[in-house]
Amino acid sequence: MSGKSENKKTDICKAPIGVFDSGVGGLTVMREIMRQLPNEKAVYFGDTARVPYGSKSKETVLRYSRQIIRFLRTRGVKAIVVACNTASAYALETIQEEIDLPIIGVVKPGAQVAAETTRSGRIGVIGTEGTISSRIYPEYIARWNPEAAVFGKACPLFVPLVEEGLLKDPVTEEIASRYLREFEGSGIDTLILGCTHYPLLRSTIGKVMGETVALVNPAYETARSLKELLREQKLENPGGMEEQAGQYEFYVSDSVQRFQRFASMILSFETTHAEQIQIEEY
Ligand code: DGL
């Protein structure tokens, strides 16, 4: 490699990762990226003005995702993580064909781990209406475990409950019991938390499902896949960790204050560098 192209490669490696979600839930993925890839910079976009994606059509989610990717490109990102399950289900495959950047979603990593760890061959998936009706999880699971039986259940009330901060509330437990009753008698031994918000309900869901059911957190698996992807493509940032607050940028399409309130529940530092942008302009 010539000196010039070597410098160019180092510059790319120092560029941030772009992470996006329909709103605040993707911060569960961001948190895992921060933990598992502490050398990497990241730009997070949460579409807080247009959330939820879970009840919107495929065309709409695809249009929103394209706009967000155009925005993230203006921030010079070297790779993109679609942190939203619904956008991963509806938009990722199309977008992968359209752009020349490495891009991953949250569905494939979660599906792979579930397919490989189940012993009974019976897997449950919970997510938004969009994610469950897309049947994306069963499709991916079949790639690694064609014999597996997959049972899906949309749990639309979980997102607002999490956003209200009712993580361990009796109301949440009651709703979780009603939704998860659907899996009674199914014989599942693995349950995928197939929505950005659900890892925050892990203890409530775990209590209802019991110890015999393993809970798969796609956020964790996605950060692992991202690490692997950067290594394969020689895109890892070689630099040491800079000051944490400056290393991460946050953008939202609605009020910054509301975003920061929620972010403080998930992240261990203040999201001081947060800005509202007009996403429709991209
Ligand atoms: N981020 C979404 C997901 O993971 C949940 C919230 C929404 O419906 O937009 O599917």
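Just so you know, all these numbers are worked out from the coordinates, no wet-lab data involved. What you see is a predicted model; the values in this text were computed from it and never measured. We place every Cβ from the backbone using ideal geometry, glycine too, and count neighbours over all the protein chains shown.
Shape verdict for the stretch 107-210, please, from the Cα gyration tensor: rounded (a/c under 1.5), prolate (a/b greater than b/c) or oblate.
Working: a/c = 2.10, a/b = 1.63, b/c = 1.28.
Prolate, because a/c is 1.5 or more and a/b exceeds b/c.
Close amide H contacts of Ile103 (hydrogens built in the peptide plane, cut-off under 5 Å, sequence separation of 5 or more or a different chain): Ile80. Excluding same-chain neighbours fewer than eight residues apart, the aspartates and glutamates reachable from Lys234 by a Cα-Cα span under 18 Å are Glu6, Asp11, Glu40, Asp100. Fewest neighbouring Cβ atoms within 10 Å first, the residues Arg119, Arg178 line up as Arg119, Arg178.
Sorting Cys155, Cys84 by the number of Cβ atoms found within 10 Å of their own Cβ, with the fewest placed first, yields Cys155, Cys84.
Each stretch of four or more DSSP H residues adds -39500 (n - 2.57); spread over every residue of the chain, this sum gives -13500 deg cm²/dmol at 222 nm.
Taking neighbour Cβ counts within 10 Å as the exposure measure, how do Cys13, Cys195 sort from fewest upward? Write out the running numbers ahead of the final one.
Numbers: Cys13 18, Cys195 30.
Final ranking by Cβ density, sparse to dense: Cys13, Cys195.
What shape does the chain take by its C-alpha gyration tensor, where a ≥ b ≥ c are the square roots of the eigenvalues and a/c under 1.5 counts as rounded, a/b above b/c as prolate, and the rest as oblate? In terms of gyration-tensor shape, prolate. Database remark: amide H of Phe45 closer than 5 angstrom to the amide H of Val19, Phe20, Asp21, Tyr251 (H placed geometrically; neighbours at sequence offset of 5 or more, or on other chains; Pro and chain starts carry no H). Take the chain and mark each of the GluC sites (Glu not before Pro) that is in a DSSP loop with at most 10 other Cβ atoms within 10 Å; the longest unmarked stretch, sites excluded, is 1-146.
Please say if the stretch 123-278 is rounded, prolate or oblate, where rounded means a/c under 1.5 for a ≥ b ≥ c the square roots of the C-alpha gyration tensor eigenvalues, and otherwise the choice is prolate for a/b larger than b/c and oblate otherwise?
Details: a/c = 2.19, a/b = 1.34, b/c = 1.63.
Verdict is oblate for the stretch 123-278.
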